[in-house]
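Notes follow the structure.
Values in this text are rule-based calculations from the coordinates and carry no lab data. The structure displayed is predicted, hence computed values, not measured ones. Here the Cβ positions follow ideal geometry from the backbone for every residue, glycine too, while neighbour counts run over all protein chains shown.
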Amino acid sequence: MEDLTSKTVAVFSRPFTVPGFDEILPAGDYEIETEVASPPDERDPAAWKASVLVKLHPRISHPGLARTLTVSLADLDQARARDKLTGRELSDFFLEEMLADPMVQLVMKADGVSEAHLRHLYSGSGTSDPTLAAPPSKTTARGARDEESIRTAENEGMPPRPDSPPSLRTRLAAGKT
């Protein structure tokens, strides 16, 4: 029978927290067990979500008490990412990763958006900086032009619309005189 769990060690250099657990866990090495695949008796394998069993350090008040914590794989990954940031916000980490992506650089160039503008948006200052205002998107202007061309092509060969009848207001005003 195949082993459905993977055992490894997660190293945290700073104290950390995980959602749903109201204790700050100390920095250090934590043994973790991850379920690699859904258990064979799982009724709905598609709905199964990977979870991680974290072996916690014993408390000073109860040195012989072994404790474990089950958390989602996503929560553990987020805690590890925050630990690796060494004090930076997760959004800063995301911004740096995004700006390093060549595809993002191409889209920014096509839309005329600068790195300074994105850094300002992600700074969270909440104030607008007119010197960093993003230029109107070239793709938006191009889209409007394309839409008009499509409308013209769709209506090609169609008889022109008859003049619309005068509005009700015009007819009522004409009737009063």
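Simple spin-label model, 7 Å along Cα-to-Cβ: Val107 to Arg67 in nm?
Going from the Val107 label point to the Arg67 one covers 4.2 nm.
Want the number for Lys55 to Thr8: 0.36 nm per residue separation, take away the alpha-carbon distance, what's left?
Net length gain for the segment: 15.8 nm.
Relative to the present Cα-Cα distance, how much length would full extension add between Glu154 and Ala116 at 0.36 nm per residue of separation?
9.5 nm
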